[in-house]
Amino acid sequence: MKKELSAGLAIIPILALIIAASMSVFVWKAGMHMPLIIGMIAAASVAAIAGWKWTEIQSMLTNGVGRALPAVFILLIIGVIVGSWMASGVIPTIIYYGLSIIDPSIFIPVVALITGIVSITLGSSFTSIATVGLAFMAIGEGLGFPAGLVGGAVISGAFFGDKLSPLSDTTNIAPAMAETDLFSHIKHMLWDTIPAFIIALVLYWFVSNTGSGVGQADSDIITGITNGLNDLFVIHPLLLLMPVFTIVLMMLRMPAIPALTSVALAGALLAVIVQGTSVSEIMQVMTRGFTGESGVASLDSLLNRGGLTSMLSTVALLILATALGGVLEESGAFDVLTRKMMARVQSTGSLILSTILSTFVVAFASGAQFLAIILPARTFVHKFKEMNIDTKNLSRCVESAGTVGINLVPWGVPAVFASGLFGISPGQFIPFAFFVILVPLINIIFGFTGWTITRKNYGSDAVAVDQKGDIAI
């Protein structure tokens, strides 16, 4: 007979994962795959103690993985895009012209701004990181900026755009789970997203022009990089139309997987036509990534990447994370812990804080965005209604921590994805991901001050009125 988990049992898998992850990141240097497996073993053991049979636990694992399959396909296609965009010269062309025209004094804020614009248009933080973000990393290297600072700016821009884009999967999932509509959700998020991004841009300008953040551009280094690019590729401004083509596909609202597949194939076609790459070579690049020798070691380290197989480690991480999340959800572990938090809710501020903390608990326990959004939204939606607080406040909270804040988890899928692409550890870019840090903090401030917190009487047809007296839309 199954019994409800106690809080002590429910927290064991999460503690096991966090301890194992901390040891792996800081001591073992072994990545996140084994800590997730340790967490899965702990979660399965706790479920067994509660009376679940192995066949049922196995079903929990597979149900969790099933939710990740669309993301798995997208990650694999992104690996192919990186390879084809390298081989075609698209990313090298962006790097080449970027080094020529970008003023170092405003480079870091420009990185965040342009990545944000691309991400809003594409609706995908991962795609913008893997394309223009990767190019900015190489440009930043040439201009003498610390890799962690450039990476933090790319992450901030990518998730600023992802958070506001109506094409983003997480931006659609959050309001659906919180029982509100998409455009009310996006409009309400402007209150935390715009201030956080403006502050982040100011911080990027300040940090990049003072102290260790200052770029020390060496003309010889820049010349070496541009010469290396010219030796390896045909550099032509028309190749810059490839990102435009990608943006057009997304604006036409083509589904993500067909759109990204078209982008990958278009890159392959350009590699054959423009660079003279053979079909055999481009197939190898799309499978195993681009390889080339420019004579500039720092440039080669950024160019020699991509390919479907480069995503396998991240895909494995996503599968393990969602499998673990499946057990924690269906065994009732998450429910027990979030109910403990809800029992302490006495005010709007404590409700917002509990929602964000719960989202971070799921983020730290699973490392998966979808779970970090879905589980807290499902859990807290009734509490928001009970307290007559519009559920678009809930969707904003879970987006702030689940879509954006999860980048603060070194073993989370987004951080590991960026780390693998950039060739630096999450610990190098997380301190500079200012937007990621600011968004949850601003929401907590809103919760305790009441500012922008919209109320709604769910027991009647009354118009929703916020604490400032504005009519909620």
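Quick notes on this structure:
- Residue check, Val46 in contact (Cβ under 8 Å) with a residue 40 or more places away in the chain, in contact with a helix residue (DSSP H, G or I) (Cβ under 7 Å, 6 or more places away or on another chain), surrounded by fewer than 18 Cβ atoms within 10 Å (Cβ to Cβ) and β-branched (Val, Ile, Thr): no
- Residues of region 310-328 classified as hydroxyl-bearing (Ser, Thr, Tyr), farther than 14 Å from Leu61 by Cβ and crowded, with 16+ Cβ neighbours inside 10 Å, total: 2
- In region 339-368, the qualifying residues are those that are of a type in the set (S, T, N, Q) and in contact with a Pro (Cβ under 7 Å, 6 or more places away or on another chain), and the one that is farthest from Val413 (Cα to Cα) is Thr355.
- Filter result for the condition that a residue is closer than 29 Å to Leu240 by Cα and without any contact (Cβ under 8 Å) to a residue 60 or more places away in the chain, over Ile102, Ile81, Ile77, Ile95: Ile102
- In region 290-304, the qualifying residues are those that are closer than 13 Å to Val82 by Cα and buried (at least 22 other Cβ atoms within 10 Å of the Cβ), and the one that is modelled with the highest pLDDT is Phe290.
- Test: Gly123 is surrounded by 17 or more Cβ atoms within 10 Å (Cβ to Cβ), among the small types (Gly, Ala, Ser) and either within 26 Å of Gly148 (Cα to Cα) or without any contact (Cβ under 8 Å) to a residue 40 or more places away in the chain (or both): yes
- Of all the criteria given as (1) part of a helix (DSSP H, G or I); (2) more than 19 Å from Ala174 (Cα to Cα); (3) touching a residue at least 12 places away in the same chain (Cβ under 8 Å), the one not satisfied by Ile442 is (2).
- Taking the conditions (1) within 30 Å of Ile442 (Cβ to Cβ); (2) in contact (Cβ under 8 Å) with a residue 60 or more places away in the chain in turn, Thr210 satisfies each one other than (2).
- Some residue of region 385-398 being within 21 Å of Leu324 (Cα to Cα) and part of a helix (DSSP H, G or I): yes
- Of the residues making up region 218-240, those that are over 12 Å from Val296 (Cβ atoms) and under 32 Å from the mean Cα position of the chain (by Cα) are Phe233, Ile235, His236, Pro237, Leu238, Leu239, Leu240.
- Subset of region 125-176 [closer than 12 Å to Phe107 by Cα and in a helix (DSSP H, G or I)]: Phe136, Met137, Ile139, Gly140, Glu141, Gly142, Leu143, Leu149, Val150, Ala153, Val154
- Leu5 meets all of the listed conditions (1) in a helix (DSSP H, G or I); (2) closer than 17 Å to Gly326 by Cβ but one, namely (1).
The values are calculated or read from the model by the stated rules, or taken from the named source; none is laboratory data. All values derive from a computational prediction rather than experimental measurement. Glycine gets a Cβ as well: all are built from the backbone with ideal geometry, and neighbour counts include every protein chain shown.
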